[in-house]
1. Tell me the label-point distance for the pair Gln231, Ala173, using the 7 Å Cα-to-Cβ offset, in nm and rounded to one decimal.
2. Carbon-plus-sulfur fraction of the accessible area of region 277-465, 1.4 Å probe, in percent?
3. Counting only helical runs of four or more DSSP H residues, what would the 222 nm mean residue ellipticity of the chain come to if each run contributes -39,500 (n - 2.57) and the total is spread over all its residues?
4. Express as a percent, rounded to the nearest 5, the fraction of DSSP beta bridges in the chain (both residues included) that run antiparallel.
5. In Å², what does the accessible area per residue of region 277-465 work out to with a 1.4 Å probe?
6. Between Arg97 and Met267, take the C-beta separation as r, use R0 = 25 Å, and let me know the FRET efficiency to the nearest 0.05.
7. Residue farthest toward the positive end of the dipole of the chain, with Cβ of Lys/Arg at +1 and Asp/Glu at -1: which of Gly250, Thr16, Gly307?
8. Beta carbons within 10 angstrom, averaged per residue: use that to sort the peptides 46-52, 440-446, highest first.
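The values are calculated or read from the model by the stated rules, or taken from the named source; none is laboratory data. Predicted, not measured: the structure shown is a model, and the values here were computed from it. For neighbour counting, all protein chains shown are included, and Cβ atoms are generated from backbone atoms with ideal geometry for every residue, glycine included. Ligands, DNA and RNA are excluded from the accessible area calculation, which covers all protein heavy atoms including side chains. Shrake-Rupley method; radii C 1.70, N 1.55, O 1.52, S 1.80 Å.
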Amino acid sequence: MNIVFVASEGVPFAKTGGLADVAGALPRAVADLGHSTSLFIPCYRKVWEANRDLAATGITLRIPIGTSTVLGHVFEGRLPDSDVPVYLIDQPDYFDRDGFYGHLGHDFEDNCERFVFFQRAVLEAVVALGIKPDVFHCNDWQTGLLPVYLKSLYHNIPELASAGCLFTIHNLAYQGLFWHWDLPLTGLDWSYFNYRALEFHGKLSFMKAGLVFSDMLTTVSPTYASEIQAQRHGAGLDGLLRDRQADLRGIVNGIDERSWTPRHETMLAANYDVDTVATGKAACKAWLQRRAGLPVRPDAPLFAQIGRLDPQKGWDLLAEVADRLLEHDVQLIVLGTGHPKYHNLLEALVHRHPGKVWAYLGFSDDLAHQIEAGADVFLMPSLFEPCGLNQLYSLAHGTVPVVHATGGLVDTVVDLTPQTLAEGRATGFVFHEPTAASVWRALERVLQTWSDRPTWEKLVKAGMSDDWSWKQSAGRYVELYHEIQRRRRPQLAQPTREKPVPA
Ligand code: GLC
């Protein structure tokens, strides 16, 4: 099959969050299963800063935007260690900016126009490149109109005629909502602006467009797939998602083993695996404590958090328990940027607990790896979490996760109980209520277990032995691509026959 992935970011070209990790890894994992894949993303300023050797394809795109025509170009790169092409849609007025979606906490005012351009440009580029997709795999609101275009403005294009569409929700809370007067920019007529299609409370919704017009839907964990069908996490779209229940699946993200296992990472003080974790992690921890300017103390548990400093990530809960935790003999390292309120909180914690807290308020990919390897405990009290990748990275590094029982967190971390421990399945600590009291009870269990070394080592080793590689999840996506094809072309419903072996 030929699968075209479309996303607004993808490593190693452009990343603000977990979506980029998935978009950079899944096309490779699907290619490893024997399919042709490619990835399309916008060519932001950051892409040029990090990759100077992109090749021009010579393709010039002329995209209708409202009543004007906007020109664009297509550059080509490759996903590392693979033959998977990455096509970058270049339009400097839209994409040569600081920030992908906004700047200094404000969304760009022309985001509707920018991503209308991107999606139409992808369709035009696919045709110009001679790619004949069986399935477009779209991701999040920035790609939600593409399935609409396939069924409307582009449905007569022969190269696209057999293409189906899978839409993956990475986070339903970001919906791409725009003023209704942006509709003419899309080229679609007003008949699409109704509550069964693109209209959402008087606005134009790209997310809803993707949910209504795609052949099948996925999200990034089974629990989140059921959570978004209820009001609490449904962000106003739960009714629609219940209607589409039969077409909605939850598939947990994998981790890219080449870049996220301590056996291979080049930036670590020591490489290690499940057999050498004791000495390997000790070396990484000492290195990290030195880097952070904290006392080198093997015996003090080192807690860590990496990610956006955002209410979604449970920072208000952490704010309530942090002082209490830091009264114990522990250390805390935080890497991230976000809401100024949490920057202030962290600066205050550093001040109140000298020699115990290090906050790096910025982003550094190397440091993210070094923290995963050097820390003992990873805090992930997210209020909701579609999948979450840091808890998977933590498991792979023998760093014990403490998570809220929500979304992908509860699907991937097994709480320590006498039974799960006896069965060798316990990998972390799970708390059930998004309250400070519930987090604190989990942290007390962490502190007790830390002093019970044999139990701690069992947790570490069980986590490291879990297989969160992409292989299984990629296989599940391939099944869905086949299902989409079968639904679209019933005559192809027969299973593909193996080639006869020559006698
Ligand atoms: C979003 C979600 C996160 C998920 C990631 C990749 O960032 O918030 O939970 O892991 O997408 O799917």
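1. Roughly 2.0 nm, to one decimal.
2. 55
3. Dividing the helical sum by the residues of the chain leaves -11500 deg cm²/dmol.
4. 30
5. Computed with neighbouring chains in place, this is 38 Å² per residue.
6. So the FRET efficiency works out to roughly 0.30.
7. The one lying farthest along the dipole's positive direction is Gly250.
8. 440-446, 46-52
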